[in-house]
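The values are calculated or read from the model by the stated rules, or taken from the named source; none is laboratory data. Keep in mind the model is a prediction, meaning the values are calculated, not measured. In this analysis, Cβ positions are derived from the backbone assuming ideal geometry, glycine residues included, and neighbour counts consider all displayed protein chains. We work out accessible area using only protein heavy atoms, side chains counted, and drop any ligands, DNA or RNA first. Shrake-Rupley method; radii C 1.70, N 1.55, O 1.52, S 1.80 Å.
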Amino acid sequence: MVAALRNVFNVSRSPLLARTSIRFSSTASRQLTLKERLAELIPTEIEKVKAIRAEHGKKAFGPVTVDQLYGGMRGLPALIWDGSVLDPDEGIRFRGKSIDECKSLLPAAPGGSEPLPEGIFWLLLTGEIPSAEQVAELSRDWAARAEIPDFVKEIIDRCPPTLHPMSQFSMAVTALNHDSAFAKAYQDGVSKKDYWGYTFEDSMDLIAKLPNIAGRIYRNVFGDGKLPAIDSNKDYSANLATLLGFGDNQAFVELLRLYITIHTDHEGGNVSAHTGKLVGSALSDPFLAFGASLNGLAGPLHGLANQEVLLWLRKMQSQIGENATDDAVKSYVWSTLKGGQVVPGYGHAVLRKTDPRYTAQREFALKNLPDDPLFKLVGQIYEIVPSILLEAGKAKNPWPNVDAHSGVLLTHYGLDQMQFYTVLFGVSRAFGVAAQLIWDRALGAPLERPKSYSSEAIQKIFKDKP
Ligand code: CMX
């Protein structure tokens, strides 16, 4: 305790911590802020990584096949990512904790039962479960940082409503780089050992400003362009719900809390996470790095699949009607495959079982909207699609992923503008990318630069080898 307090005192005097909203209290009764706790953890982690590299650094991690070079690097061990690990059968664990464990361990809002995303950010960064007080302090800190610069508002307001919300989102996030603490400190010649503190501040600003950006895009494209103010007494998800116009619906607020929590992180190799890490490795600040992540998330094989699922379901309903028979659904699925398209929301590059993020959303639906017709259709499809994908014989994983379910829940509460769905995924994904960016700068992660080969080189290398 004494050592911890001494540590708090030391880090509190650092200029890097000047913007942390809790101050050192001489009574020492308050708990550590996230930044103070991180400052304590970093030296130990640096030593841990040094020891791992000293002991195992020269050991091989297994063979690399030519197929992996051509095949999207599937399964290639190539990255360090601490926030979460994905098991093909079990699904995601955030710092070792399953979704169910997160749901029961992370603090919920008073009167609520879903985990607050503030808690999972703490968990992703520290590996620890925060107290309710620490989570409340994060809510207050983010609300205090939520305002976006006028020129960013103008950029969003000038976008034509026909420009996809994800493109608007990426532009606005990239433009936040104007006020990056990291970029400024770098220009001022900051020492490498202090990178993480500025990355932390930018990451906190990034996460805090996303609701105002997302809300503004939503209101401009789908509403009257008028946006309410952030309430500093509300948690992150409640504020986001208010900005979208659903703040009075407690079930929707709870849905957002769950939604943001489970979409935060999915280990490091997926397109949005890896892109953020890659761009961050060039010491681009968190706004530039996460802007790039968003452009990857906007692809239909990744985050845009949540929009595609709803489009596909609606098209199915328009062709075969609501309450369609299993046979009609089957032939619609086959027509999708025969048309050379994918069944959106099904399959995964790593998972080989039903995505537990799908299951968590299904459980929410069973509790809150069991009789919703679209939810029933999603359940019907779950009984039909896997066996068809298996019969078609191509997909390695015939089971649903996270995107198969989210749109149905949002639609139920009236958020039926499917073009907006990936923006919500993006708000959440910032948490996981930011957490890793902070650790990458704390641990001095180098510029990423893997080796590429031409097909000619591959032919030459293996010319006389069996
Ligand atoms: N419908 C039809 N075909 C599918 C399929 C699906 N849902 N999933 C995989 N396949 C096909 C692939 O297109 C591939 O075909 P080709 O050999 O003709 O190229 C073949 O099966 C093998 O693919 P795979 O090894 O099983 O899957 P990949 O790792 O290459 O791709 C993914 C994974 C997610 C892109 C793929 O399953 C897919 O396209 N699913 C639909 C889109 C989707 O839901 N994406 C969201 C994923 C979650 C997220 O990131 O948000």
Legend entry - Number of positions in the stretch 382-400 that are open to solvent by 10 Å² or more (accessible area, probe 1.4 Å) and more than 9 Å from the ligand (Cβ to nearest atom): 6
Legend entry - Given (1) within 16 Å of the ligand (Cβ to nearest atom); (2) not in a helix (DSSP H, G or I), index of the condition Gly407 fails: (2)
Inset, instruction - Pairs only if they're at least six apart or on different chains, beta carbon under 7 angstrom, first in the stretch 216-243 and in a loop (DSSP other than H, G, I, E, B), second open to solvent by 40 Å² or more (accessible area, probe 1.4 Å) and of a type outside the set (Lys, Arg); list them, first residue then second. - result: Gly223/Gly245; Ser232/Ala144
Inset, instruction - Could you grab me the full set of residues in the stretch 105-155 that are touching a strand residue (DSSP E or B) at 6+ places or on another chain (Cβ under 9 Å) and acidic (Asp, Glu)? - result: Glu114
Inset, instruction - Those residues that are out of contact with any helix residue (DSSP H, G or I) (no Cβ under 9 Å at 6 or more places or on another chain) and of a type in the set (D, E, K, R), I need them from the stretch 425-460; list them, please. - result: Lys451, Glu456, Lys460
Inset, instruction - Give me the pairs, please: first residue somewhere in the stretch 339-367 and under 15 Å from Gly379 (Cα atoms) and open to solvent by 50 Å² or more (accessible area, probe 1.4 Å), second residue anywhere and modelled with pLDDT of 95 or more and within 13 Å of the ligand (Cβ to nearest atom), beta-carbon distance under 7 Å, and either six or more positions apart or on two chains. - result: Arg362/His405
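How many residues are open to solvent by 20 Å² or more (accessible area, probe 1.4 Å) and in contact (Cβ under 8 Å) with a residue 40 or more places away in the chain when one looks only at the stretch 81-99?
Qualifying residue count for the region: 7.
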Inset, instruction - Please state which one of Asn295, Asn306 is open to solvent by 20 Å² or more (accessible area, probe 1.4 Å), part of a helix (DSSP H, G or I) and within 16 Å of the ligand (Cβ to nearest atom). - result: Asn295
Inset, instruction - Return a yes/no flag: does the stretch 267-277 have any residue that is in a loop (DSSP other than H, G, I, E, B), touching a residue at least 40 places away in the same chain (Cβ under 8 Å), surrounded by 22 or more Cβ atoms within 10 Å (Cβ to Cβ) and within 12 Å of the ligand (Cβ to nearest atom). - result: yes
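If you go through the stretch 281-333, how many residues are closer than 30 Å to Phe182 by Cβ and not polar (S, T, N, Q)?
18
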Inset, instruction - Select from the stretch 56-88 the residues that are of a type in the set (D, E, K, R) and within 15 Å of the ligand (Cβ to nearest atom) and write down the one among them that is farthest from Glu267 (Cα to Cα). - result: Asp67
Inset, instruction - Name the residue, out of Arg30, Arg13, Arg74, that is at pLDDT 95 or above and either out of contact with any Cys (no Cβ under 9 Å at 6 or more places or on another chain) or surrounded by 14 or more Cβ atoms within 10 Å (Cβ to Cβ) (or both). - result: Arg74
Inset, instruction - May I ask you to list the residues in the stretch 315-330 that are in a helix (DSSP H, G or I) and either open to solvent by less than 60 Å² (accessible area, probe 1.4 Å) or touching a Leu at 6+ places or on another chain (Cβ under 9 Å) (or both)? - result: Met316, Gln317, Ile320, Ala328, Val329
Inset, instruction - Please work out which one of (1) closer than 24 Å to Leu86 by Cβ; (2) more than 11 Å from the ligand (Cβ to nearest atom); (3) open to solvent by 20 Å² or more (accessible area, probe 1.4 Å) is the condition Pro373 fails and give its number. - result: (1)
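Just one of Thr354, Thr325, Thr359, Thr336 is over 30 Å from Val190 (Cα atoms), within 16 Å of the ligand (Cβ to nearest atom) and more than 28 Å from the chain's Cα centre (by Cα); which is it?
Thr336
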